[in-house]
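The values are calculated or read from the model by the stated rules, or taken from the named source; none is laboratory data. Keep in mind that what you see is a predicted model, and the values were worked out from it rather than measured. Positions of Cβ are backbone-derived with ideal geometry, glycine not excepted, and every protein chain shown enters the neighbour counts.
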Amino acid sequence: MSDQRPIGIFDSGMGGLTVMRALRARLPKENFLYLGDTARLPYGTKSGDTVTRYAVQAARALIAWDIKMLVVACNTASSVALLTLEVAFENLPVVGVIKPGAEAAVAAAPEGPIAVIATEGTVKGGAYVRAIQALKPRLPVVQQAAPLFVPLAEEGLVKGDIARLAAERYIRPLMATMPRPRALVLGCTHFPALKDVIAEVAGPDVILVDSAETSAAAVAQILKDKNLLNDAGGAMHFFATDAPDRFANVGEIFLGEPINPGDVEVIDL
Ligand code: DGL
């Protein structure tokens, strides 16, 4: 039996397409519906209550399209709203990116310390620290909000002087903490786009952890366990709450493949 219903993914904007990219690489026969809440981006500077309300609205919009699973690609929404979503939509498998990211970080640096860069909201909520220490109690974790990386990635300014200055501002002090972190978690959808410059500033001895890959592995495992895999799909469709043309243009940077503007529909949540 093949379950052709789509997997629903949402993010505050286009950055979550990095997660969809990893999902498509691992699950090429699945159909995907992606919702980017571009009208209300960024989530990372908003309160947990507001982000939770937005996340529930986004989930409802996707559920109306009969999705078989919900992937919360946004780190900020995963960190503050996952439990609410799991309770509100109890019959639907819901996967966030924090736990898979924490698992990958602990696998990469089992003795720590682990450094995390994320949005202000994710850092303040402490979800990565809790998820890492749930796997390994007392493992040292240091965090740093890196909000400027979000607009830099969206502008395509992922290399060169400006990206490098921002990386030095955020990464250098974090890496100077003692003992020196062994792994650095890219705890935000947008940060993989700046991976090269982040790696350069962090140094060759630090392992960068991208939660997109491990989240895709978690999704694949759940689909398999619940007998929900599709062997005949491969389509993708997009919803944006604003600026569909920009979504298609900028989205390509994150998705790593072209987005047909005709596949991007505007919706109101
Ligand atoms: N998607 C957000 C995250 O992963 C980053 C952009 C935002 O602040 O909305 O945390």
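Any chance region 158-176 includes a residue that's under 18 Å from Gly256 (Cβ atoms) and either modelled with pLDDT under 95 or touching a Gly at 6+ places or on another chain (Cβ under 7 Å) (or both)? Yes: one or more hits. Whether a residue is within 21 Å of Ala102 (Cα to Cα), touching a residue at least 40 places away in the same chain (Cβ under 8 Å) and away from the ligand (no atom under 16 Å from the Cβ) was assessed, and Met236 does not pass this test.
Residues in region 181-213 that are within 16 Å of the ligand (Cβ to nearest atom) and either on the phi > 0 side of the Ramachandran plot or out of contact with any helix residue (DSSP H, G or I) (no Cβ under 8 Å at 6 or more places or on another chain) (or both): Lys195 only.
Residues in region 116-125: is at least one touching a Leu at 6+ places or on another chain (Cβ under 8 Å) and more than 14 Å from the ligand (Cβ to nearest atom)? Step through it out loud before you land on a result.
Taking region 116-125 and keeping what is touching a Leu at 6+ places or on another chain (Cβ under 8 Å), we get 116-117.
Those left that are additionally more than 14 Å from the ligand (Cβ to nearest atom): none.
No: zero hits.
Condition (residue is of a type in the set (D, E, K, R) and closer than 26 Å to Pro42 by Cα) applied to region 216-231: is it met by at least one residue? No, the conditions are met nowhere in region 216-231.
Can you tell me which residue among Ala166, Ala218 is of a type in the set (A, V, I, L, M, F, W, C), touching a Pro at 6+ places or on another chain (Cβ under 7 Å) and either within 16 Å of the ligand (Cβ to nearest atom) or under 30 Å from Pro6 (Cα atoms) (or both)?
Details: Ala166 fails: touching a Pro at 6+ places or on another chain (Cβ under 7 Å).
Exactly one residue qualifies, and that residue is Ala218.
Got at least one residue in region 130-141 being in a helix (DSSP H, G or I), within 16 Å of the ligand (Cβ to nearest atom), farther than 30 Å from Glu252 by Cβ and modelled with pLDDT under 95? No; the residues of region 130-141 include none that is in a helix (DSSP H, G or I), within 16 Å of the ligand (Cβ to nearest atom), farther than 30 Å from Glu252 by Cβ and modelled with pLDDT under 95. Among the residues in region 92-101, are any closer than 23 Å to Gly203 by Cβ and out of contact with any Lys or Arg (no Cβ under 6 Å at 6 or more places or on another chain)? Yes, because at least one residue in region 92-101 is closer than 23 Å to Gly203 by Cβ and out of contact with any Lys or Arg (no Cβ under 6 Å at 6 or more places or on another chain). Does Ser12 fit the bill of being of a type in the set (Ser, Thr, Tyr), under 19 Å from Val129 (Cβ atoms) and at pLDDT 95 or above? For Ser12, the condition - of a type in the set (Ser, Thr, Tyr), under 19 Å from Val129 (Cβ atoms) and at pLDDT 95 or above - is not met.
May I ask you to verify whether Asp210 is among the acidic types (Asp, Glu) and surrounded by 19 or more Cβ atoms within 10 Å (Cβ to Cβ)? Write out each step before concluding.
Working: among the acidic types (Asp, Glu): yes; surrounded by 19 or more Cβ atoms within 10 Å (Cβ to Cβ): yes.
Taking the combined requirement at face value, the residue satisfies it.
Scanning region 235-269 for residues that are more than 19 Å from Val19 (Cα to Cα) and in a strand (DSSP E or B) turns up Glu265, Val266. What is the number of the single condition among (1) more than 29 Å from Gly126 (Cβ to Cβ); (2) not in a loop (DSSP other than H, G, I, E, B) that Asn230 does not meet? Only one criterion is unmet by Asn230, namely (2).
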